[in-house]
1. Can you give me the number of residues within segment 149-183 that are free of Cβ contacts under 8 Å to residues at least 60 places away in the same chain and of a type in the set (A, V, I, L, M, F, W, C)?
2. Determine, yes or no, whether V112 is touching a Ser or Thr at 6+ places or on another chain (Cβ under 8 Å), assigned to a loop (DSSP other than H, G, I, E, B) and among the aliphatic types (A, V, I, L, M).
3. Condition test on G267, is it more than 21 Å from the chain's Cα centre (by Cα), surrounded by 12 or more Cβ atoms within 10 Å (Cβ to Cβ), within 30 Å of R94 (Cβ to Cβ) and of a type in the set (G, A, S)?
4. Among all residue pairs at least 6 apart or on different chains, which show Cβ distances below 9 Å where the first residue, located in segment 1-18, is within 14 Å of A114 (Cβ to Cβ) and the second is at pLDDT below 90 and in a helix (DSSP H, G or I)?
5. Hey, does segment 202-224 have a residue that's closer than 29 Å to H91 by Cβ and either within 15 Å of the chain's Cα centre (by Cα) or touching a residue at least 60 places away in the same chain (Cβ under 8 Å) (or both)?
6. Could you list, ordered by first residue, the pairs with Cβ atoms under 7 Å in which the first is in segment 261-287 and in a loop (DSSP other than H, G, I, E, B) and the second is crowded, with 16+ Cβ neighbours inside 10 Å, at least 6 apart or interchain?
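The values are calculated or read from the model by the stated rules, or taken from the named source; none is laboratory data. All of these numbers come straight from a predicted model, not from anything done at the bench. No Cβ is skipped: glycine too gets one built from the backbone with ideal geometry, and neighbour counts run over all protein chains shown.
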Amino acid sequence: MSKMRTFYWSVRRELWENPALWVAPLAIEAVVLFGYLVSSHTLPRAVANAAAGIKAAKGHATLDTPFAVAAAAAMMISFFVAVFYALGALHNERRDRSLLFWKSLPVSDLTVVASKAVIPLVVQPAIIVVIVFATQLLMLLWATIVLALSGSDLGYYYGHIHLPMIWLMLPYGLVVNALWDAPFYGWLILVSAWARRATFVWAIGPWLALMAFEWMSFQTFHVRDLLGSRLFGGFQLAFTIDGKTTIETLSQVTPMRWLGNPGLWIGLVVGLACFALCVRLRRRNDPI
């Protein structure tokens, strides 16, 4: 069996053993879709008000807000699923002693670690794109039916939901998030390979201790700011949204500022170092 085929089946194994990777975003999108169906009776009035130049009150949904919410909800739930997946990626097989079985197969430790690393960085974002696109298409179809039956202006509605831009920016945003968060997931999988128990505590405990020490010693928050920028700073570099919830023009996209930031490349090097350590640890690991 070729290395690529072995890698392919290793990735499929991860999906079989962790159905939450696709069930959780599918469930949250079902909730969003149901809420949209229930609230769709207000859509004709919203379109009429927008066409008449009546702006929605501050904090109220605009025409494209439901589509943005569908994308944001899936991305949010996928983040939490990815965190718990990474924390159990190499720890679970040591805890349930299945490590002995998998090590008896002709699959290298590098292949196993790589298959686990691509799940939060590549596979899960691809799943999110498919689920979100399908959900938004269903929302668009339902909105078309509701507006057509009510005699509303469909042309105005299609021109103000910015759906093509959302479809273009969602994959871009997921790529930004995956590359920028590579050291974060590398750290979580490294903890999973090293810790014998309480992986969540070991993953966040040292950082909390550093923040507490810094605040008590210097009354500063540099560690907190570093973690915040590592988790969410990629979006601030890749987009200029000016307080808006959706991207409406390509001028709000700044890929060169993101690609030219040293933090991106330093983070990738740190992430690769973490994954390399995971390979060494798995080679030496025994069941817990």
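1. 6
2. no
3. no
4. R13/W102
5. Yes, the conditions are met somewhere in segment 202-224.
6. Note: pairs meeting the criteria are N261/L237; N285/R94; N285/L99; N285/A193; P287/R94; P287/L99.
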